[in-house]
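Working notes, beginning with the structure itself.
The values are calculated or read from the model by the stated rules, or taken from the named source; none is laboratory data. Keep in mind that what you see is a predicted model, and the values were worked out from it rather than measured. Cβ: placed from backbone, ideal geometry, glycine included. Neighbour counts: every protein chain shown. Areas reflect the complete protein model, heavy atoms only, side chains present, ligands, DNA and RNA absent. Shrake-Rupley method; radii C 1.70, N 1.55, O 1.52, S 1.80 Å.
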Amino acid sequence: MTHDHDLVLRPTEAQKAAALAPPPGRTGGDLVVETLRGLGATTVFGLPGQHALALFDAVGRSDLRLVGLRTENNAGFAADAYGRITGEAVPLLLSTGPGALMALPALAEAAAASAPVLAISSQVPVAGLGGGRRGHLHELRDQSASFRDVVKSVHSLRTPSQIPSVIAEAWESALSAPHGPVFVEIPEDVLQAETVIPQVTGVDATPHELAPRPELTALAAHWLENATRPVIIAGGGVVRSDAAGKLKQLAERLNAPVVTTFGGKGAFPWAHPLSLQSWLEDRHMTDFLEDADVLLVVGSGLGELSSNYHTFFPTGRVVQIEADLGKLESNHAGLGIHADARLALQALLETVSERADPTAPERVRLVLADIAARLAGQDLAQEQQLLTSIRTALPARSPSFWDMTVLSYWAWSAFDPKHPNTMHSAQGAGGLGYAFPAALGACVAEPDTPVLAVSGDGGAMYSVAELATARQHDLDVTWLIVDDGGYGILREYGCTTGTQLAGPDFVALAESFGVPASTTAPESLTADLRKALATPGPSVLVLPATLRMFAPTHL
């Protein structure tokens, strides 16, 4: 007879020998690195600071690849992109106080986009913890408090023996649905202290799966297969859970039109007869969605941008599948299913019957035609042609990263990403400076694939230091900078105060870093982009242009 307590994993002879004779001179920093390697990490992002030197020294003694950027925020954006592309937890190494705080905007974006970033920060020595004011360098009253309302979870420790367990706990949190950034802080003296703790040889942090409740998917399937006008809204959760194939199967079985949110770009084929594309900021689309008698929302909270700025009010039944419990029915009441998108879609596929509707493709065609007609009356040919030029030049499998700039706002609605998980932007938290450092993270994740970053001149100024990173690591990135002399998107909102900017000669600036650069024009953009993307290593293209947004329909 076998009892549960008999199933304990026993150490091997090799593990026993390693435990009896651990290598000398190891520190808490080595325990961190050994744990990360045991969990499967191969690459870390960050930059060293005084309190974190023992951690970086340990990285230097290991086979981890360190990709160092020039600011902590940019390192966070790079880690975010690496996590989005690979689906893996990504270590971001930070130093105490100012270094850690510099990463907050990037971690806010990772939280909004559910990117699994594992931020590991040093902290003042143990004796300085607890809220006293000892006057340590970089001291904060409560460093973790600055992160608690930003990240998914916060993890603290005070002894070397706690390091493997705490990091494994944080790793599991980052990768359990919904993915998200987590924050670990380790006191400086714990990182520095020599340890007799054996090398970390066994560590497990398998994320929990979030399966749907079967009675809920059974009811949702009943509503969907008996609906007259079902429609599906696919959000970023579909992309993150690698569920695009299951979404397509379900849509075709139900003959249900599908619109993707801006975070869900690529979740459904752009040219499919049932594809409503991503035109959520259009009243024609809002009316179409409101007319659905059953609306299936998968992996989206239907926030501001996904609801045409909260002017969308569904009139039929709503079924919302969402891994983030806080987003479930937060904007619209309905049948809330707390689950990972992939598992929930699979449950629906196992339950729902086929629904015939030969009119669905025609209804999709008509609403897209109405949207095209509205745009045609606004003299916006240049903006649409620029997106066409980028799409023509960019290889189908190449990731693209978009900053908060006019052309990106267009791309949210109008750009065909071709494949899931290939188009990313900072529209989750909405901070500037995301595109270029994020693109560098994608280059590290997919080293044989050219990557595109798109910024305005204002956003580019947040990231110019990373030209040195791109050159140092010889990353295959092309950076398109649309230079309109300021914050063009804010001018589109009617603001003239502080939106005109003096800027550098971006071509000369890039070349000073040893990065090839040139000026392009709308008529030559396709050819210039193709050449830049086909040339190994980093490059910069500057497009002087003042662009306009399409007229809003939510006002």
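Just a few scattered comments:
- Filtered by the rule that a residue be open to solvent by 10 Å² or more (accessible area, probe 1.4 Å) and either of a type in the set (Lys, Arg) or without any contact (Cβ under 8 Å) to a residue 40 or more places away in the chain (or both), region 431-458 gives 432, 447, 448.
- Test: residue in region 244-257 that is over 20 Å from residue 367 (Cα atoms) and either of a type in the set (Asp, Glu) or without any contact (Cβ under 8 Å) to a residue 24 or more places away in the chain (or both): yes
- Members of region 186-202 that are under 30 Å from the mean Cα position of the chain (by Cα) and either without any contact (Cβ under 8 Å) to a residue 40 or more places away in the chain or open to solvent by less than 20 Å² (accessible area, probe 1.4 Å) (or both): 186, 187, 191
- Residue 228 being modelled with pLDDT of 95 or more, open to solvent by less than 10 Å² (accessible area, probe 1.4 Å), among the hydroxyl-bearing types (Ser, Thr, Tyr) and more than 23 Å from the chain's Cα centre (by Cα): no
- Candidates are the residues of region 354-373 that are touching a helix residue (DSSP H, G or I) at 6+ places or on another chain (Cβ under 7 Å) and open to solvent by less than 60 Å² (accessible area, probe 1.4 Å); the one that is farthest from residue 338 (Cα to Cα) is 371.
- Residue 458 in a loop (DSSP other than H, G, I, E, B) and touching a Phe, Trp or Tyr at 6+ places or on another chain (Cβ under 9 Å): no
- Only one of 541, 525, 533, 501 that is more than 27 Å from the chain's Cα centre (by Cα), within 21 Å of residue 449 (Cβ to Cβ) and among the hydrophobic types (A, V, I, L, M, F, W, C): 525
- Among residues of region 473-514 being open to solvent by 40 Å² or more (accessible area, probe 1.4 Å), among the hydrophobic types (A, V, I, L, M, F, W, C) and not in a helix (DSSP H, G or I), the one that is modelled with the highest pLDDT is 513.
- Any hit, region 293-312, residues being out of contact with any Gly (no Cβ under 9 Å at 6 or more places or on another chain), under 12 Å from residue 232 (Cα atoms) and of a type in the set (A, V, I, L, M, F, W, C): yes
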